[in-house]
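Okay, structure first, notes after.
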Amino acid sequence: MITAALISGKHEWAEQVRSALARYAAVFDVEPDAPLGSVFGHVPVDIVALDSDPLTDKVITTLRQIQDMYPNSVTVCVATAETAERARLDDLLAPDFWLIVPAAAVQLHAQLEPIVAFVTAGGRRALPSASGTAAALRDASEPAVREEHGSGAGGFATSGSESSLYRLIKRLASGLDLDELFTAYCDAVQEATRCVSYCLLWRSEETGRFTVVRAEGLAPLLQRECALAPADPLPACLQRSRGIITRESLSPGPEGARVLRELEMLGGVMAAPLFCQAALRGIMAVGPKVIGGPYTTGEAEGLFMLSSSAAAAAAQTELHQQLEARNKYIGQVLSTMESGVITLGMDAKIRVCNPYAAAVLARREDEVVGRDIRALPSPLGDYLHACLTHGEERSAEELGILANQVILRISTRRLMDARGVLIGSMMLLEDITAERALTQERRKAERNEVITQIVARVAHELKNPLATVYTFAELMPDKLEDPEFQHLAELVRRDVHRLDDLVTKLMSLSESPGSDQQVVQIPEILRLAILRVEQLDEAAVLRIVSMLSADLPMVRVDPNVMAAAISHLLRFGLGDERGQVTVEAKLQNSANGERPVAIVVRAPRDPSLEDDPAALLDPSYVLEHPEIDLGPSASQRMIESQGGALEVYCEDGSIYFRVLLTPYPDPARM
């Protein structure tokens, strides 16, 4: 692994450059003119990347300090094409490489690959010549050529425009299959060292032991059975030394003898460690050279660099395989979910649409994934985009799509990465069409059941008045002049009005009342309501007290329907002669500035009434309590059919029914 110091800038592409560098190196952010001792005191720097727009004195000072500390580091200048060209013409800055921005991620990686290859191959930055002029600038697209290091056939010789090591590194980085990577690495080791045998061990994540994954010239039994623990002499020695081990470098003591025994067991005279994130993951033991003689320093260094590159590539390959396994697992989870998932990326393209969501939307997955929000039925795409751009999240919101043929329950959320950076938006959706249809059928059935019970109850109440009417009809021919018969006639008249009242209640509960709306005065409505009460009980009318405010506005209602509704409330208040009933009409103040007309009926509270008076307006509650009159529940339906509202509450031992009506606008008052 190589290291890179990024003298950070503030441009929008700074994070893109950092992410691209992190693919190849450990990146350290450096603030211009910051103290460097605590940061780089023990960390070597291979690449120095700096922001040249603008190229300030602080940036140049920090660059010079790092170059003084690590003279072999390679300088990469991040700049726009115009800035780079101007610097070349004015000789303002002479880095080893230019990294041209802005650029897409693929282009940044393409520019960085030859830079990393140059550094990994042992390249060094161009130092000023004796005359003080800077060395010629290199573009990132121009691969560097390294002079031969070491001697003999084992050196990394130049071949044309690129070294053999550079070619091998490209082979290592080309694949994402671990077996192919091990094969390419072992071929590269043989080419670089000209060894007669080798043995590659790799530590398993499951067992934690080093086992043979590739070998040449090793006994088959050892290839099958050899397994080293991390605490065994050879792995422990490589973990401590973090460098090449040769037979000659081992100490003559017992510990060195144990390491040498394991090295010889693998058929090697030299071993190189393969580190991933400071942990030993592999061991490469190479046997003697084909032409004999010891390995040179250059060959040992070449093996170490090659092993480091292979370890980094293996870590990347394993990470890729883990991501593939995780994506496959996530894909299986999404495909079996009984709810829909749709995600929108930062590019406003749909990234995920699981099979459930596709089926609900009547789309194929390939018709949605990779397309913009127009591929989704309205307004789903708008909701996803609003969540992404404005943070407008929704929770369990119900809406209809496809001409309201499909009812969905949706929730939207923003998606963040581990650092809290926004990466997209997500929508969870559930098809509740069948659920809503079932709910409507259930409500319809419950309503029909309530109406059936109401009809049964009203039919029971009709029996007594009908008996009186039937008796009256039987006696009428013979008793027309009888005074007692005249009294019976009065009872019949009263019971006929009771029948009319019961039928009105029944109709108001079973269907919407008919409406013949007119502009009418409030006193006229109250007169009609009291007249209805009088027709049923002349004595009860004497206990009704009316209080009307002056200058009441007119209202637009059906006077007969509204009078019937208020008469039901008056009769409920009169009850079993509990006391006086007051009806008051006045203007009501409200928070929004409007002043509706309030008709308030006040009556003594029945002690048997429960704490929740609003239950009087629920037909189901009234059915469960046969002793309670149907009047208030019937009144509520009538009043609401006229655009009004009915409230009920208890206070100071009294029960209040408040009818709110909207005043009809009078042009003379406007």
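Tabulated values for the structure
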{"item": "Failed item in (1) modelled with pLDDT under 90; (2) of a type outside the set (D, E, K, R); (3) assigned to a helix (DSSP H, G or I), with G514 passing the rest", "result": "(3)"}
{"item": "Filtered residues of the stretch 316-337 (kept if more than 24 Å from F275 (Cα to Cα) and of a type in the set (V, I, T))", "result": "I330, V333, T336"}
{"item": "Selection from the stretch 307-338 of residues that are of a type in the set (A, V, I, L, M) and closer than 19 Å to D177 by Cβ", "result": "A310, A311, A312, A313, A314, A315, L319, L323, A325"}
{"item": "Matching residues in the stretch 299-323 - criterion: being closer than 30 Å to E216 by Cβ and surrounded by fewer than 13 Cβ atoms within 10 Å (Cβ to Cβ)", "result": "L319, Q322"}
{"item": "In the stretch 264-297, the residues that are hydrophobic (A, V, I, L, M, F, W, C) and in a strand (DSSP E or B)", "result": "M270, A271, A272, L274, F275, C276, A279, L280, I283, M284, A285, V286"}
{"item": "Leading residue by the ranking (modelled with the lowest pLDDT) among those in the stretch 16-75 that are assigned to a loop (DSSP other than H, G, I, E, B) and of a type in the set (S, T, N, Q)", "result": "S52"}
{"item": "Which listed residue, of G208, G217, is under 20 Å from P294 (Cα atoms) and surrounded by fewer than 16 Cβ atoms within 10 Å (Cβ to Cβ)", "result": "G217"}
{"item": "In the stretch 225-245, residue surrounded by the fewest Cβ atoms within 10 Å (Cβ to Cβ) [restricted to those that are in contact with a strand residue (DSSP E or B) (Cβ under 6 Å, 6 or more places away or on another chain) and touching a residue at least 40 places away in the same chain (Cβ under 8 Å)]", "result": "Q239"}
{"item": "Residue pairs meeting the criteria (Cβ under 6 Å; at least 6 apart or on separate chains; first in contact (Cβ under 8 Å) with a residue 40 or more places away in the chain, in the stretch 275-295; second assigned to a strand (DSSP E or B) and among the charged types (D, E, K, R))", "result": "R281/R203"}
{"item": "Strands (runs of 3 or more DSSP E) within the stretch 517-566 that include 2 or more residues touching a Pro at 6+ places or on another chain (Cβ under 7 Å) and either in the same structural domain as Y664 (by TED's automatic domain parsing) or surrounded by fewer than 15 Cβ atoms within 10 Å (Cβ to Cβ) (or both)", "result": "518-520"}
{"item": "Residue, surrounded by the fewest Cβ atoms within 10 Å (Cβ to Cβ), within the stretch 246-284, restricted to residues that are at pLDDT 90 or above, among the hydrophobic types (A, V, I, L, M, F, W, C) and closer than 17 Å to E301 by Cβ", "result": "V269"}
{"item": "Odd one out for T296, checked against (1) touching a helix residue (DSSP H, G or I) at 6+ places or on another chain (Cβ under 8 Å); (2) of a type in the set (S, T, N, Q); (3) surrounded by 15 or more Cβ atoms within 10 Å (Cβ to Cβ)", "result": "(1)"}
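The values are calculated or read from the model by the stated rules, or taken from the named source; none is laboratory data. Values in this document were obtained by computation on a predicted structure and should not be read as measured data. Glycine gets a Cβ as well: all are built from the backbone with ideal geometry, and neighbour counts include every protein chain shown.
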